[in-house]
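The values are calculated or read from the model by the stated rules, or taken from the named source; none is laboratory data. All values derive from a computational prediction rather than experimental measurement. When we count neighbours, we look across all protein chains shown, and the Cβ atoms used for this are built from the backbone with ideal geometry, even at glycine. Note: areas computed on protein heavy atoms with side chains; ligands, DNA, RNA excluded. Shrake-Rupley method; radii C 1.70, N 1.55, O 1.52, S 1.80 Å.
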Amino acid sequence: MQITKNGKATGTGPSEWFTGAVYVDQVAVAGQGSRINATSVHFTPGARTAWHKHPNGQTIYVTEGVGRVGHRGGEVQVIRPGDRVFFEPAEDHWHGASPTRFMTHLSLVEVDDQGNNATWASHVSDQEYRASASLEGEDA
Ligand code: MN
């Protein structure tokens, strides 16, 4: 048994992987026979990940605020507390806050044999972030 007391400093999302200010709290760290990596990720308004993919997929569970998700070739969609999104292994995607609201989600991923949990690509442009017909009522 290993207890990690609340008090470990919140980390910041590196600018090569995120646009805007993003804060990360570790929930579960892979290793010692576990492949599960869990984080609570806090996006400030307008902040989002870069385009990326996960070798074994990813589940995110929204706990607070209003957010957006996108995947290659698809429409941007609004996500809210209680919503769960699964991204398939190697699916190119991004996730983040709405332009006017914070968004926090729990992230669950399994690392691969090399311990990697994501492959990162280009930033999500403002055009990609805004492009959608399905954002109507986002701030309602
Ligand atoms: Mn992801």
(request) Of the conditions (1) closer than 15 Å to ALA118 by Cα; (2) hydrophobic (A, V, I, L, M, F, W, C); (3) surrounded by 12 or more Cβ atoms within 10 Å (Cβ to Cβ), PHE86 clears all except one; give me its number. (result) (3)
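If you check ALA118, ALA97, which single one turns out to be surrounded by 14 or more Cβ atoms within 10 Å (Cβ to Cβ), of a type in the set (A, V, I, L, M, F, W, C) and under 28 Å from GLN32 (Cα atoms)?
Numbers: ALA97 fails: under 28 Å from GLN32 (Cα atoms).
Testing whether each residue is surrounded by 14 or more Cβ atoms within 10 Å (Cβ to Cβ), of a type in the set (A, V, I, L, M, F, W, C) and under 28 Å from GLN32 (Cα atoms) leaves just ALA118.
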(message) Against the condition surrounded by fewer than 19 Cβ atoms within 10 Å (Cβ to Cβ), among the charged types (D, E, K, R) and either modelled with pLDDT of 95 or more or touching a helix residue (DSSP H, G or I) at 6+ places or on another chain (Cβ under 8 Å) (or both), how does ASP92 come out, does it pass?
(response) yes
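How many residues does segment 47-71 hold that are without any contact (Cβ under 8 Å) to a residue 40 or more places away in the chain and either among the hydroxyl-bearing types (Ser, Thr, Tyr) or within 15 Å of the ligand (Cβ to nearest atom) (or both)? Give the derivation first.
Quick first cut of segment 47-71, residues without any contact (Cβ under 8 Å) to a residue 40 or more places away in the chain only: 65, 67, 69, 71.
Now restrict to residues that are either among the hydroxyl-bearing types (Ser, Thr, Tyr) or within 15 Å of the ligand (Cβ to nearest atom) (or both): 67, 69, 71.
Counting residues in segment 47-71 that are without any contact (Cβ under 8 Å) to a residue 40 or more places away in the chain and either among the hydroxyl-bearing types (Ser, Thr, Tyr) or within 15 Å of the ligand (Cβ to nearest atom) (or both) gives 3.
Out of GLY74, GLY82, GLY115, which single residue is away from the ligand (no atom under 11 Å from the Cβ), at positive phi and either of a type in the set (A, V, I, L, M, F, W, C) or at pLDDT below 95 (or both)?
On the way: GLY74 fails: at positive phi; GLY82 fails: either of a type in the set (A, V, I, L, M, F, W, C) or at pLDDT below 95 (or both).
It is GLY115.
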(message) Please pick out the residue among ALA47, ALA121, ALA97 that is among the hydrophobic types (A, V, I, L, M, F, W, C) and over 13 Å from the mean Cα position of the chain (by Cα).
(response) ALA121
(request) Working only within segment 47-73, note down all residues that are within 18 Å of HIS93 (Cα to Cα), polar (S, T, N, Q) and open to solvent by 50 Å² or more (accessible area, probe 1.4 Å). (result) ASN56
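In this structure, does THR44 turn out to be in contact (Cβ under 8 Å) with a residue 12 or more places away in the chain, among the β-branched types (Val, Ile, Thr) and open to solvent by 10 Å² or more (accessible area, probe 1.4 Å)? Before you say what the answer is, go through the steps one by one.
Working: in contact (Cβ under 8 Å) with a residue 12 or more places away in the chain: yes; among the β-branched types (Val, Ile, Thr): yes; open to solvent by 10 Å² or more (accessible area, probe 1.4 Å): yes.
Yes; evaluated as a whole, the condition is true for this residue.
Being basic (Lys, Arg) and free of Cβ contacts under 8 Å to residues at least 60 places away in the same chain is the filter here; which residues of segment 1-41 pass it? Can you show your working first?
Here is the first cut: in segment 1-41, the ones basic (Lys, Arg) are 5, 8, 35.
Those that are basic (Lys, Arg) and free of Cβ contacts under 8 Å to residues at least 60 places away in the same chain: LYS5, LYS8.
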(message) Anything in segment 1-41 that is within 12 Å of the ligand (Cβ to nearest atom) and open to solvent by 20 Å² or more (accessible area, probe 1.4 Å)? List them, or say none.
(response) TRP17, PHE18, ASN37
